[in-house]
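Any read-out appearing in this document is the output of simple, stated calculations on the displayed coordinates, not a laboratory observation. All values reported here derive from a predicted model rather than from experimental measurement. With ideal geometry, Cβ positions are generated from the backbone for all residues, glycine too; neighbour counts draw on all protein chains shown.
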Amino acid sequence: MYRVPESLFLDRLYLRSLSSSPAFCTQDIVAPGEQKRGPLAVIKLDIINRVADKTGVPKMKAEQAVEALFHSMKEALTRGERIELRGFGVFVVKPRKRGVGRNPRTGEEVAIPSGKTIRFKPGKELQAHEDGETIVDDSIDDDEDDDF
């Protein structure tokens, strides 16, 4: 398990607080040693923090839960299984055809082997609509019996 040095963590926390300030919103601030992320990028640490905040569990437990979820998803996809998450979407392993590409430097033809790729199809609640807004329903209805 990788641990972030405390000074880097505090720098990142400070920079995030600055970046959410209206005066700094237009500037791109990157902590030392970090890669620049797009404005809508979410990393695993963000997911862990959100799980900890929403559930009230300690961050270490939230990290273990997120790691276990990702590990089980990786294993299932490696076996070629389909992952269906109601209200979120479906992950499917699809075959990829072999093809012919070109080396950009020499122009020489290169054989591209067949393989597998992972595709994601968003669920109804996550679908992007015509106006560009993504609708995410935060309410949880256990009484609904939707056929998927």
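General remarks:
- Simple label model, 7 Å out from Cα along Cβ direction - Gln127 to Ala41, nm: 3.1
- The order of the peptides 81-89, 117-125, 103-111 by mean Cβ neighbours within 10 Å, most packed first, is 81-89, 117-125, 103-111.
- Sequence-distant residues sharing a close amide H with Gly89 (under 5 Å, placed H): Gly123
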